[in-house]
1. GNM, chain B, Cα, under 10 Å: largest mean-square fluctuation among B:PHE13, B:PHE210, B:PHE28?
2. Are there trypsin sites (Lys or Arg not before Pro) in region A:1-83 that DSSP marks as loop and that have at most 10 other Cβ atoms within 10 Å, and which are they?
3. Evaluate E = 1/(1 + (r/R0)^6) for B:LEU140 and A:GLU207, where r is the Cβ-Cβ distance and R0 equals 51 Å; express this FRET efficiency to the nearest 0.05.
4. With θ taken as phi - 60° and the coefficients 6.51, -1.76 and 1.60, list the Karplus ³J(HN,Hα) couplings across region A:133-149 in order, rounded to whole Hz; mark glycine and proline as x.
5. Report the relative contact order of chain C, percent, no decimals, based on alpha-carbon pairs under 8 angstrom and at least 6 residues apart.
6. Hey, how many Å between the Cα centroid of region A:180-201 and the Cα centroid of region A:257-320?
7. In nm, to one decimal, how far is the B:LEU162 label point from the B:ARG203 one, both placed 7 Å along Cα→Cβ?
8. Once you list every other residue whose beta carbon is under 15 Å from the beta carbon of B:LEU150, what net charge do they have if Lys and Arg are +1 and Asp and Glu are -1?
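A short reminder: the numbers here are calculations on the coordinates, not readings from a lab. No experiment lies behind these values; they were computed from the predicted model shown. Here Cβ is always computed from backbone atoms with ideal geometry, including for glycine, and neighbour counts include all displayed protein chains.
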Amino acid sequence: MIVHAEALRREFVVGKRGARRRLAAVDGIDLRIEPGETVGFLGPNGAGKSTTIKMLTGILVPTAGRLSVCGLDPVSRRRELARRIGVVFGQRSALWWDLPLADSFDLLRTIHRVPRAVHRARLARCADVLGLAEFLATPVRQLSLGQRMRGEVTAALLHAPPLLVLDEPTVGLDLVSKERLRAFLHEVNTEDGVTVLLTTHDLPDVERLCRRVVVIDQGRVVADDELEVLRGRFAGPRELIVDLAAPAPQLDGATGLPGVTGSRVEADGMRRRYTFGPATSAASLVAEVARRAEIRDIAVHEPSIEDLVRTLYAGARPGG
Amino acid sequence: MLALYVRLLRAGFDRHASYGAASVAGMFTNIVFGLLRVGVLLAVLSGSGMVAGYDAAATVSYVWLGQGLLAVVLLWSDGELAERVRTGDIALDLARPWNLQAAIAATDLGRAGHAMLFRFIPPVAFGALLFPFRWPHAPLTWLAFVGSALLAVVVCGQIKFLLDLTAFWLLDSRGVRALWAATSGVLCGLVVPLAYFPDWARRVLAGTPFPAVIQTPIDVFTERGNPAVLLGVQLAWALLLVAAGRAVLARATRRVVVQGG
Amino acid sequence: MAVYRRLLASRVRGQLAYPLSFGLDLLAQALGQTIELVVIVVLFGRVHTLGGFGADEVLLIFALAGIAFGLADLVVGQLDELPRWIRTGELDVLLLRPLPVLAQLVTADMQLRRLGRVLVGLLVLGVVLTRAPIAWSPVTVLLLISTPLVGAVIIGSIWVATCAVAFWVVEAREVANAFTYGSSLSTAYPVTVFAPWLRRLLTFVVPAAFVAYYPVLAILGRSDPLGRPDAMRYAAPLVAVASVAVAGLIWRAAVRRYQGAGS
């Protein structure tokens, strides 16, 4: 296991003199991550995602619980761990602010004792995929956010760590940059076997990149499974939208349509919406409707991952 | 209009009321430096018991009053105004329908008021309790001292104002302010009583506003000289510097407008 | 090792790129040190001895202490920025690198202008050496060379230990000032000028007296007027070692505290 956390707990003391209390930002998190996985951490603001990441990377000491990352205790073996993980913070920079980007890479090469030739090859590959060549000579403080993030990810991977941890890496990026970054991370995972851990509010990040999702809320794990499994268990109903050639009153009553849980008529009978569960095949439903009426067009709406996450949060909150 | 400046006065006071830990830390520094300075100056006294009219009690009072006044007049500028000039934010300040010089002065007086209570009293009390201290003999001296401290705040504030204004011409006024930071202690009489200096040096300093910032209020408190004269000199410098500040600001404003802000 | 050299090299190059600006900064620092010199001269305009020492002897102490302070300021002066690193969270980035935090902070920058103080100290030293009653010998020469260096280590240790307070209470940074700039003041004079309790503090708790006072006693071939054993005059290197050890412990505890308290 590349990350093993048991009953991880982190408390903070908040409040002013006289009204102090202990707040548990992380309240008993269990986590087991195998090498090569891609895991997305989801959770509302203040759920404890960043705190968990800080504990995993050795910046913060857990108040209680056991934690082992790459086989090491993050706090006591901080420097050893630093050689085996790459970390990217969305809001903080690991690069040297007023030096050209290439100089930052070179300094990191020296810090991590990477042989020159190996460094050159790795940098060339990153530069190629992420398009770094055009701004390698620019001081970091003059880079756009998208350029900087590409630089940060490259910097985190230059020493070929088996584990890459990213805290909100796509915040503030434009769509093109986001997609580029996701594609690169996907490639790094599938081709090099790098384990990728990602916290994000950007659900498409998760969809595109993560096979597994861990949902954290109020310091606890609310759901931890493969994305597809979660979708199957928690996802809301799907929707079939049928545009008819002519109003079809014979469809009223919706009798005999397999798995339909609700229906609605719109546009003066020209459009019908059917909600149905995950167990039903959309194709069979379309075939049934087509047998009874003339269809001009159809659309199937899958529950969005936003819906999935909302359901998960809602499930956790009341009483949680 | 007056209400605005009173409001600023209160704001200046309140703003510093919240810096609890920093104030305590500042007090600690005052006390450490006070103890060191007292040591050195009393050692000077050890042979003769009296130097340039200062005996042990007067020397001790000089040091602790100086440490206390340091935070009240705030000898060293934080460069905020100069920074605003450098970034161009000053245009916002100048566009407001107020007198910028008066606004800054009002805020500063509010701050000084807070400092008088929380940064002046502790070191002086410390010194008075642990060392022989020279208290005023005449009751009127207390009143004169408050007036003198007030004038000192104004004089120091205007000096800092003028220094910050150099940013309009120098872009990077850090050098000028560093120069002030290095020399102001000695010139204002914070480090060594100005009476210790050779005669020629004292004559030169008398032609500058610097003694009015620290040495003069201390002299008023320890009753060295005629309070009316001391306060009169301070007042003259205060008026002169306010006028100078006004003139320089006007020129600077014109410069900003001409350059397009 | 190479990493630190490279980090510093780019910083240093940046400073020397603007020679005029650098020159002025250097001058400002030198001026700061000169002002203290002016104070001593003014005081000796009124008396002949200070704490039992004549003008040249006090200036010798002042010069050596000034060089020591300037060197310490040059190497660890960066730590004054520690509150900013903590507040912005940039310290976390340092924790993520496989290097000691202190080394990274110290090499993040090196303000060469601080050499201004060292230059003034050297100048005064040069003048004083021709006038002071020094018992010249190979040992004396060794002492003259080693004292500023050893003194810099002592002051540097005080600097590290007191700046570490920022990890506990960020706004209390000024407390560190009392010790660091207080060191500059307290080491410039013979420790005999201070009251007995302060003297003991400056000898056994914050070892300012070993930066220049005791070594100068040895250089002048004098015994301690306070009656302390003559061996103490050569104890500065030992004190330096002890200071480094203590500062190291405090610093490590401080970083652990940062990881424990979080941000």
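1. Maximum fluctuation in the GNM of chain B, among the listed residues, is at B:PHE28.
2. Those that pass, being in a loop and sparsely packed, are A:LYS16, A:ARG17, A:ARG20.
3. Given R0 = 51 Å and the Cβ-Cβ separation, E is 0.05.
4. Karplus-based 3J(HN,Hα) across region A:133-149 equals 3, 5, 10, 4, 8, 7, x, 4, 5, 9, 7, 6, 4, x, 5, 5, 4 Hz.
5. It rounds to 26 percent for chain C.
6. That distance is 33 Å.
7. 2.2
8. 0
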